[in-house]
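These notes are about the structure you will find just below.
Throughout, read-outs are computed from the coordinates displayed, never taken from laboratory work. Note that this is a predicted model, so its numbers are computed, not measured. Virtual Cβ from ideal backbone geometry, glycine too; neighbours counted across all protein chains shown.
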Amino acid sequence: MSMYDVVPVSTNDYKKLAQKRLPNFLFDYIEGGANAEQTLRSNVADFDKYTLKQRVMRDVSKIDTSTTLFGEYLSMPLALAPVGMAGLFARRGEVMAAKAAENNAIPFTLSTVAICSAEEIHAATKQPFWFQLYMLRDRGLVLDILNRAALSGCNTLVFTVDLALPGMRLRDYRNGMLGNTVKGKISYLTQLLTRPGWLFDIGVMGKPHSLGNLTHQVKSANDLNRYKAFVESQFDPSATWKDIAWLRQNWHGNIIIKGIMDVNDAKAAIDSGADGIVISNHGGRQLDGVSSTINKLPSIANAVAGQTSILLDGGIRNGVDVIKAIALGANSVLIGRPWVYAMAAQGDAGINSLLSLFQQEITSTMGLMGVNNIKDINIDLIEQFNSHLDSVVPTVGHSAIHCGEN
Ligand SMILES: Cc1cc2nc3c(=O)[nH]c(=O)nc-3n(C[C@H](O)[C@H](O)[C@H](O)COP(=O)(O)O)c2cc1C
């Protein structure tokens, strides 16, 4: 039996299967991070520094993994993070993911730069989904997109603030996905031809490959390069918290600010009227060298817990990671790469079984810690923080822990 006949039971198994199926530039696009990828690596590795407390003989016959966020029921404290161009990883990929999220009673977030439009998702699902937006220079366009999202039933806006400038993802230049060299273009075409399965299923049958939320703005509807140029020209490096206050006046649903990595920014987000924050470094794709998100969580939770909903993404690869983040102060987490790997590997069966795995792992982790409800998971369940870094000692909940932030 080869590796590829093995039943996938982890994010890493799906990643290996996805790599077999995707052209190299697409695999690199999903897997890669900025510059030397230090932050990308520490997002995952830093979860190992926290150990959980095992408690026994506590009647865990009624484990309930569900929670509520903004008044919405979630079967577990997990949501699908916005991933640009996910429709290149499976045929109409964002619709597939939104349906899987609905099946599993967790939120799906549609990226501004998705292949499928908000209207396409709305037509295919019943559950309201979340919509992610960046601050664009053209505020009229921002209002237009907000309006379309609201008409498509979105009640929660995930506003991403860590893209004042695009991060340097070197893999995307190296493999020809970005840049305009002849060598790059030849390499790109060669990679396509080595993946005939992807080429037919998604490259041909998965069209149109336009960015569905921006088709009104970009003329040549099938040219992804034009979209990229348009989007990059629209990122607004002059944006400040005042723009969030403006946004607050123009969006009547919840606003979650995504990309917070600093206590003062968390406070500013609350002051500007946000209902929630996502502690996020964009999956290590923007500022390389910034801390992992899990290391930032204790101090931010310590400063703003109770004033806002705290979400976290970056490096969550299984249900144990979810529980560690909840214990360290998050209300919920999001996953980015894991759902795309599973979908690229095995379509909707892949993404549904990945979500069942998370559900099973969350359940067994809670049971083995002696906990029946998500609301009972707190810092007391983190037994130890192992760090080679000098530690500061934030207090969250009742006890003090060592935290590796510096
Ligand atoms: C391929 C890819 C595309 C992404 N596109 C977006 C995007 O369009 N908008 C956004 O806010 N975040 C985007 N992100 C960041 C994710 O929403 C999320 O913060 C990150 O993937 C979490 O880390 P994880 O992949 O380790 O789970 C993207 C991430 C990846 C891997």
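Peptides 187-197, 248-258 ranked from most to least packed, by the mean per-residue count of other Cβ atoms within 10 Å: 248-258, 187-197. Subtracting the Cα-Cα distance of Ala229 and His216 from 0.36 nm times their residue separation leaves 3.2 nm of extension gain. Its relative contact order, with pairs defined as Cα atoms under 8 Å and 6+ residues apart, puts region 225-313 at 27 percent. Full extension of the chain between Ser10 and Ser364 gives 125.9 nm of extra length, using 0.36 nm per residue less the Cα-Cα distance.
Taking the longest Cα principal axis of the chain as reference, the axis of helix 139-151 is set at about 70 degrees.
With a threshold of 20 Å on the Cα-Cα distance, the over-threshold entries among Lys126/Lys324; Lys207/Lys228; Lys15/Lys324; Lys15/Lys207 are Lys126/Lys324; Lys15/Lys324; Lys15/Lys207. Dipole of the chain computed with +1 at Lys/Arg Cβ and -1 at Asp/Glu Cβ about the Cα centre; of Asn35, Phe89, Leu189, farthest Cα towards the positive end is Leu189. Scaled against 2.2 N^0.38 Å for its residue count N, the alpha carbon radius of gyration of region 1-80 is 1.58. Working note: Cα gyration tensor of region 211-327, eigenvalues times five, square-rooted, sorted largest first, giving semi-axes of 29, 20, 13 Å.
Which values, in whole Å and largest first, are the semi-axes of the equivalent ellipsoid of region 17-131 obtained as the square root of 5 times each eigenvalue of the Cα gyration tensor? Its equivalent ellipsoid spans semi-axes of 29, 24, 13 Å. The phi-based Karplus calculation (6.51 cos²θ - 1.76 cosθ + 1.60; θ = phi - 60°) puts the 3J(HN,Hα) values of region 109-114 at 10, 8, 6, 3, 9, 7 Hz, whole numbers, x for Gly and Pro. Computed from the Kirkwood radius of its Cα pairs, the Stokes-Einstein diffusion coefficient for region 170-256 at 20 °C and 1.002 mPa s stands at 133 µm²/s.
Rounded to the nearest 20 debye, the dipole size of the chain about its Cα centre is 920 debye, using +1 on the Cβ of Lys and Arg and -1 on the Cβ of Asp and Glu. The 3J(HN,Hα) values that the Karplus relation (6.51, -1.76, 1.60; θ = phi - 60°) gives for region 197-203 are, in residue order, x, 5, 4, 6, 5, 10, x Hz. Gly and Pro appear as x.
Calculated FRET efficiency, Ala124 to Val182, Cβ-Cβ distance, R0 = 30 Å: about 0.15 to the nearest 0.05. For region 349-369, the residues whose amide N sits under 20 Å from a probe point set 7 Å from the Cα of Glu383 along the beta carbon direction are 361-369. Would you kindly give the portion of the calculated P(r) for region 323-376 that falls above 12 Å, as a percent of all Cα pairs? It works out to 69 percent of all Cα pairs.
Taking amide H as placed 1.01 Å from N in the peptide plane, the amide H of Leu110 sits under 5 Å from that of Trp130, Phe131, Gln132, each at least 5 places away or on another chain. Its Cα centre serving as origin, region 75-172 has a Cβ charge dipole (Lys and Arg +1, Asp and Glu -1) of approximately 120 debye.
Sorted on the mean count of surrounding Cβ atoms within 10 Å across their residues, most packed first, peptides 137-147, 98-108, 347-357, 374-384 read 98-108, 347-357, 374-384, 137-147.
Pairs of Cα atoms under 8 Å, at least six residues apart: use those to get the relative contact order of the chain, whole percent. Once divided by the residue count of the chain, the mean separation gives 26 percent.
Note on the chain: dipole from Cβ charges, positive end direction compared against Ala79, Ile294, Leu170; the farthest Cα belongs to Leu170. Each Lys and Arg contributes +1 and each Asp and Glu -1, all at the Cβ; summed about the Cα centre of region 97-250, the dipole is approximately 380 debye.
Between the C-alpha center of region 18-81 and that of region 303-334 there is a gap of 9 Å. Rg over Rh for region 256-316 works out to 0.94, using Cα positions for both radii and the Kirkwood form for Rh. Averaged over residues, the count of other Cβ atoms within 10 Å places the peptides 28-35, 234-241 in the sequence 28-35, 234-241, highest first. With 10 Å bins beginning at zero, the pair-distance distribution over Cα atoms of the chain amounts to 5, 23, 34, 26, 10, 2, 0 %. In the chain, helices alone account for a calculated mean residue ellipticity at 222 nm of -12000 deg cm²/dmol, with every DSSP H run of four or more residues adding -39,500 (n - 2.57).
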